[in-house]
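Before any comments, here is the structure.
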Amino acid sequence: MLKNVFKTLIVLILTLIIIGCSGNKPVKEGEGAKIIGTITYDRVPVYVDAIGTAKLDYDNTYKETGKYLLIKAIDENGQVLAQTTTNNQGEYTLYVPEDIDIKIRVYARMFKEDVWDLSVVDNTNLKSMYVIEGALHDSGDGTSKRDLHAASGWDGQSYSAPRDAAPFAILDSINTIMQKILSVNPNIKFPHLLVNWSINNVPIGGDPDLGQIGTSSYTGDNNLWILGDVNSDTDEYDDHIIIHEWSHFFEDKFSRSDSIGGRHSAGDTLDIRVAFGEGFANAMSAIATDNPIYFDTSGFNQASGWFMNIESSYQENPGWFSEASVQRILYDLYDTNNDGSDQIHLGFKPIFNAMVDKERNTKAFTSIFTFINALKSENNSYNSEIDQVVASEQINTIYDAYGNYRSNSAHGIITSPIYRTLEVGKWISQCNKNNYGVYNKLGNRTFIKVHIDTANIYTFGAKPFGANYGDPDIVIYKAEYPYDVMGMSPLEGESSDALTVNLTPGDYMIEVYDNSYNNSCFVINLEKDTTVYRSKMTKGSTAQKPSLHNYRRPERRPQTK
Amino acid sequence: MKKITLLSVAFLIVVGLNASSKIENIQSGSTIREYSKPGAPVDMEFNTTHVDINATSDVNLTLITTVRKGNFNVLITLDDNLTTVNELDQNLSFVITPERQKFLINFQVKSEKQGLFYIRLLTQVDQGHGLKLRSFAVPVYIGKKPKTLVRSSPQMKALANGENISISKAIETIRIIKEK
């Protein structure tokens with residue numbers, strides 16, 4: 001034992017002596033040798049053809065600059081002698097001691113104090129951060145230029161070398177959207193973000209340490225996950241996907257999203273919360289890049305992907321339940337291209353302002369109704385033009401955050417009003433429909449507004465109504481930011497359930513659904529300090545059942561830790 | 001009699017050892033209710049058997065779409081270390097109808113090597129107004145389940161300040177601008 005301690009001490013002392021003897025001490029700015037340079041990476045563009053295919057166009061790869069990247073000058077002992085960040089042209093300047101061996105290391109990290117700090121790490125390699133570095137060279141006694149480049153690794157046929165450019169491409173796409181945000185709010189501070197990318201990241205959920213990340217996504221814990229599975233699905237150059245997922249981070253940190261996640265597609269008839277969240281993120285990808293072509297490359301040699309036009313794609317299933325309608329509306333409100341019903345150019349600022357204020361604080365679930373209601377209230381003079389764009393998606397005039405007065409019933413799935421109201425001592429009936437799929441599709445869930453006048457214990461009950469039984473679940477939210485789940489009814493696999501909670505005066509939102517996703521109906525009642533369903537009550541439980549699927553952005557992947 | 005008893009015991013031990021080393025776990029998963037990026041409206045459920053080297057793993061895939069009409073194409077590719085046991089058409093086409101929104105694909109694979117391998121699916125839905133695609137990977141475990149991935153590059157380095165980095169060599173050009 002003592003022998004080991006002694007050995008460790010000797011090693012430590014020798015290390016300190018070596019470092020001390022290196023004599024390499026940082027110099028002040030303007031002193032010593034000056035090193036300047038530019039950081040670049042291979043940007044692989046996309047090529048889209050007339051038949052709807054998108055592919056990575058390796059033949060037209062070009063050098064793009066690495067902006068705002070962390071740079072360090074390191075001596076032969078690994079000692080950092082200077083550090084800086086590149087500017088918006090990818091340029092850097094460092095001052096180091098004269099006539100010593102120095103190498104330049106570039107981190108896949110964008111850092112600007114109190115503005116942003118985001119990095120790209122390998123989730124399959126202990127979250128190690130990607131870096132590229134040059135070789136040790138004499139710093140000289142004057143000025144030298146060291147340009148460093150991260151290559152794509154593509155040799156014309158396949159990726160035969162490390163894909164060094166990928167982390168820098170991801171950061172550059174995020175920089176594009178952050179600059180868009182900064183253009184309308186120069187004082188914004190972005191929270192820390194970790195981007196998990198790996199060549200091992202495959203499209204199946206499981207163990208993220210093995211790369212089983214499910215899909216490119218944001219998981220609500222300051223982590224972005226990006227696919228990197230060659231000849232299957234790589235997303236590092238698919239800038240619209242990177243920005244789409246980052247936009248969920250934006251919603252989480254600066255606005256609010258009540259989306260429950262799940263699988264979604266442009267033609268789906270979706271839960272309004274999902275439709276808005278996904279449509280917003282798609283629109284943001286087009287707004288940030290000023291390019292309405294959203295693409296996702298995949299397949300052998302990344303040559304058989306698909307794309308959609310955010311502004312003018314075919315209206316498969318327009319309405320307030322469609323993410324495609326949401327993205328077309330938002331992009332039309334933003335863009336300068338006036339056509340048909342789009343006779344408005346609001347730019348990005350009104351959209352940003354609505355998202356960070358009224359959308360964040362709305363008492364309803366976030367949806368196209370809350371957003372348009374917020375936008376109209378802040379841009380009164382454009383209300384008729386906004387209504388016109390909204391109407392082009394078969395959504396009649398939006399007057400409030402709850403979407404009252406709907407005429408488009410999604411082929412009879414929804415009867416107006418979209419939100420029901422439940423009073424203390426009363427009951428309502430509701431029905432669940434799975435015509436358009438399950439979990440996050442329109443008809444799966446019923447939203448119920450509740451107002452409480454006096455503080456007390458209340459019980460929400462659910463029991464079968466009619467012949468079609470199901471497994472009712474009741475979730476209660478406090479109808480104010482951050483709109484957290486306050487409790488959930490506890491039973492699984494039972495045809496009745498109840499939720500007892502201690503409520504203070506205020507507004508609440510109730511969500512009722514059939515966890516077996518049958519076509520079923522329930523009676524929902526609300527009692528004050530009652531004994532109804534007493535045997536099945538919880539006391540204001542915030543404990544969540546193992547199969548809970550209805551908290552914000554759930555089940556997108558198993559959490560890493 | 002004693003000899004027979006001893007031989008029987010030895011036989012049972014050998015059989016028992018073989019039985020204990022045989023792996024026959026079912027690996028299953030589903031994308032239903034999982035978040036996904038925009039793409040084709042397709043979900044997947046899978047079952048694969050975790051088997052030993054050279055043993056046959058049953059692969060049962062179910063692809064589900066919410067679309068009620070259109071063409072549905074599936075391209076199946078296997079990791080190099082996986083081979084199919086039975087004949088498999090790797091390029092499948094289906095017609096989606098309101099009665100046919102669920103598609104079953106069953107086959108068997110094996111491997112001479114131990115590790116985690118993938119079967120990859122590229123699904124495509126065409127409703128006549130633009131293609132949409134979605135990719136999936138189906139894990140097949142052969143032999144001992146890996147806890148970490150085997151890698152050759154880039155190099156991961158732990159620095160004294162607690163920073164972990166994966167280092168790659170940059171393409172570097174150096175030029176002297178000005179001598180002192």
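Derivation of every value follows stated rules applied to the coordinates shown; laboratory data play no part. Not measured: the values here are computed from a predicted model. As a convention, Cβ positions derive from the backbone with ideal geometry for all residues, glycine included, and neighbour counts pool all protein chains shown.
Whole number please: convex hull volume per residue, Cα atoms of segment A:255-408, in Å³.
110 Å³
Within the P(r) computed for segment A:449-517, what percentage of the Cα pairs occupies the region above 16 Å?
47 percent
Run the simple label-point estimate for residue A:423 and residue A:138 please: 7 Å along Cα→C-beta, distance reported in nm.
9.1 nm
To the nearest 20 Debye, how big is the dipole of the protein assembly as shown about its Cα centre, given +1 on the beta carbon of each Lys and Arg and -1 on that of each Asp and Glu?
2160 debye
Sum up the charges of everything whose Cβ sits under 11 Å from the Cβ of residue A:417, counting Lys and Arg as +1 and Asp and Glu as -1, but leave residue A:417 out.
Once all neighbours under 11 Å are counted, the net charge is +2.
For segment A:183-240, what value does the Rg/Rh ratio take when both radii are computed over Cα atoms and Rh is the Kirkwood radius, given to two decimals?
1.08
Could you count how many Lys pairs in segment A:419-536 have their Cα atoms under 17 Å apart, skipping same-chain pairs fewer than 8 positions apart?
Lysine pair count for segment A:419-536: 9.
What average count of beta carbons from other chains do you get within 10 Å of the Cβ of residues in A:257-266?
If you average over the peptide's residues, the count of other-chain Cβ atoms is 6.
Provide the descending list of Cα extents for the protein assembly as shown along its principal axes, expressed in whole angstroms.
That gives 101, 86, 61 Å along the principal axes, largest extent first.
Using the Kirkwood radius built from alpha carbon pairs, what does the Stokes-Einstein equation give as D for segment A:285-363 at 10 °C and 1.306 mPa s, in µm² per second?
Rounded, D is 112 µm²/s.
Just want the answer: with Cβ charges of +1 for Lys and Arg and -1 for Asp and Glu, which residue in A:508, A:223, A:526 is farthest toward the dipole's positive end in the protein assembly as shown?
A:526
Summing -39500 (n - 2.57) over the DSSP H runs of n ≥ 4 in chain A and dividing by its residue number, what mean residue ellipticity at 222 nm do you reach, to the nearest 500 deg cm²/dmol?
For chain A, the value works out to -7000 deg cm²/dmol.
Sort A:341, A:304 by Cβ crowding within 10 Å, fewest neighbours at the top.
With the fewest neighbours first, A:341, A:304 line up as A:341, A:304.
Any idea what the dipole of segment A:255-408 comes to, in debye rounded to 20, about its Cα centre with Lys/Arg Cβ at +1 and Asp/Glu Cβ at -1?
Value, rounded to 20: 480 debye.
Which FRET efficiency value, to the nearest 0.05, is calculated for residue A:182 and residue A:221 with the Förster distance at 25 angstrom and r the Cβ-Cβ distance?
Once the sixth-power term is evaluated, E becomes 0.55.
Average partner chain C-beta neighbours within 10 Å, per residue of A:124-137?
What the average comes to for A:124-137 is 5.
Total Lys pairs in segment B:23-147 closer than 17 Å by alpha-carbon, pairs eight or more apart in sequence or interchain only?
Count of close lysine pairs: 8.
Can you give the FRET efficiency to the nearest 0.05 for residue B:54 and residue A:468, using r as the Cβ-Cβ distance and R₀ = 60 Å?
For residue B:54 and residue A:468, the calculated efficiency is 0.75.
On a C-alpha basis, how far is the centre of segment B:74-143 from the centre of segment A:117-167 in Å? Whole number, if you could?
Each part's Cα centre sits 35 Å from the other's.
Tell me, what does the Kirkwood hydrodynamic radius of segment B:23-147 come to in angstroms if you use every pair of distinct C-alpha atoms?
15.2 Å
Grab the Cα-Cα distance for residue A:518 and residue A:409, subtract it from 0.36 nm times how many residues apart they are, and report the gain in nm with one decimal.
37.2 nm
Run the dipole for segment A:202-306 about the Cα centre, Lys and Arg Cβ at +1, Asp and Glu Cβ at -1, nothing else charged, and hand back the magnitude in debye, nearest 20.
Taking the Cα centre of segment A:202-306 as origin, the dipole is about 260 debye.
Based on the alpha carbons, how large is the Rg to Rh ratio for segment A:330-466 when Rh follows Kirkwood?
Ratio value, two decimals: 1.04.
If all Cα-Cα distances of segment A:411-473 are sorted into 10 Å bins from 0 onward, what percent lands in each bin, rounded to whole numbers?
Per 10 Å bin, starting at 0, the Cα pair percentages come out as 17, 47, 29, 7, 0.
So how far, in whole Å, is the C-alpha centre of segment A:492-526 from the one of segment A:346-410?
Centre-to-centre distance over Cα atoms comes out at 29 Å.
I need the Debye-formula profile for segment A:419-536: one equal scatterer per C-alpha, no solvent, reported as log10 I(q)/I(0) at q = 0.14, 0.19, 0.21, 0.23 1/Å, two decimals.
-0.53, -0.97, -1.17, -1.38
Can you return the aspartates and glutamates within cross-link range of residue A:127? Criterion is Cα-Cα under 19 Å, with same-chain partners fewer than 8 residues away left out.
Within the straight-line limit of under 19 Å, residue A:127 reaches these aspartates and glutamates: A:117, A:164, A:207, A:209, A:221, A:229, A:235, A:236, B:163.
Are any of the pairs A:63/A:145; A:67/A:358; A:72/B:178 more than 24 Å apart by Cα-Cα distance, and if so, which?
Cα-Cα > 24 Å for A:67/A:358; rest within.
Which order do B:140, A:274, A:230 fall in if you start with the one that has the fewest other Cβ atoms within 10 Å?
Ordered from fewest to most neighbouring Cβ atoms within 10 Å, B:140, A:274, A:230 come out as A:230, B:140, A:274.
Over the whole of A:204-215, what's the average partner chain Cβ count within 10 Å per residue? Rounded to a whole number, please.
Other-chain Cβ atoms within 10 Å of each residue's Cβ, averaged: 6.
Restricting to Cα pairs below 8 Å that are 6+ residues apart, what does the relative contact order work out to for chain A? Please round to a whole percent.
Relative contact order comes out at 11 percent.
By count of other Cβ within 10 Å, fewest leading, how are B:31, A:415 ordered?
Going from sparsest to densest Cβ surroundings: A:415, B:31.
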